[in-house]
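The values are calculated or read from the model by the stated rules, or taken from the named source; none is laboratory data. Treat the numbers as computed from the prediction; the structure is a model and nothing was measured. Because the Cβ atoms are built from the backbone with ideal geometry, glycine has one as well, and the counts that use them run over all protein chains shown.
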Amino acid sequence: MFHKAINLDFADGTVIEVTFRDGKVKQYDLAELFDKYPQLRPLENRDFFLSGRLAGHYGIVWNDDIDLEAETVYMDGKTVRTVSDAPNADIGDAMYAARAERGISQKELAVMTGIDQSDISKIERGTANPSVNTLRRIADALGAELKVSLVISDFT
């Protein structure tokens, strides 16, 4: 499974900070790559370094010659904190993982559940707000257990 990057920030030096859809924020110092990949040395120029941008959810791009896979940052970067800006991301990630583990396509799951494939895609991307009934249908089709909880905090 690929980890989707949703935000890119620039820290000191050549350190990037990437927020992923699962809420993990990872730091990665690109200077660690300079000896192995000398073509990345232009990133030592701060202005050029700051010109980087996310390319979709899967990479960071500076120009046609310099880019970095977000998965590299996720796997090799240091987790500095966890945020919860994507409340439906956990549902989508779990759904994708269960579907992939069973070898079921979104289209096949749509047929199994009677839920439109585009809606399944939105749930997996964390952009939909599915009802409990919809989630129950998906869980049943995937042979998964659906657990919903409501935790009341003490406000006193």
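Observations
- Of all positions in segment 78-89, at least one carries a residue that is modelled with pLDDT of 95 or more and not polar (S, T, N, Q).
- Any pair with Cβ under 7 angstrom, 6 or more apart, that starts in segment 116-144 at a residue that is assigned by TED's automatic domain parsing to the domain that holds Ser105 and acidic (Asp, Glu) and ends at one that is in a helix (DSSP H, G or I) and surrounded by 15 or more Cβ atoms within 10 Å (Cβ to Cβ): Asp116/Ala110; Glu124/Gly92; Glu124/Met95; Glu124/Tyr96
Results for (1) of a type in the set (Asp, Glu); (2) outside the structural domain of Asp119 (by TED's automatic domain parsing); (3) surrounded by fewer than 18 Cβ atoms within 10 Å (Cβ to Cβ), shown as yes or no for each residue.
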| residue | (1), (2), (3) |
| --- | --- |
| Tyr28 | no, yes, no |
| Tyr37 | no, yes, yes |
| Leu43 | no, yes, no |
| Gly56 | no, yes, yes |
| Gly59 | no, yes, yes |
| Asp64 | yes, yes, yes |
| Thr72 | no, yes, yes |
| Gly77 | no, yes, no |
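- Scanning segment 24-45 for residues that are closer than 14 Å to Ala11 by Cα and part of a helix (DSSP H, G or I) yields Leu30, Ala31, Leu43, Glu44.
- Looking across segment 118-137, the residues that are surrounded by 14 or more Cβ atoms within 10 Å (Cβ to Cβ), out of contact with any Leu (no Cβ under 7 Å at 6 or more places or on another chain) and not charged (D, E, K, R) come down to Ser121, Ile123, Gly126, Ala128, Pro130, Thr134.
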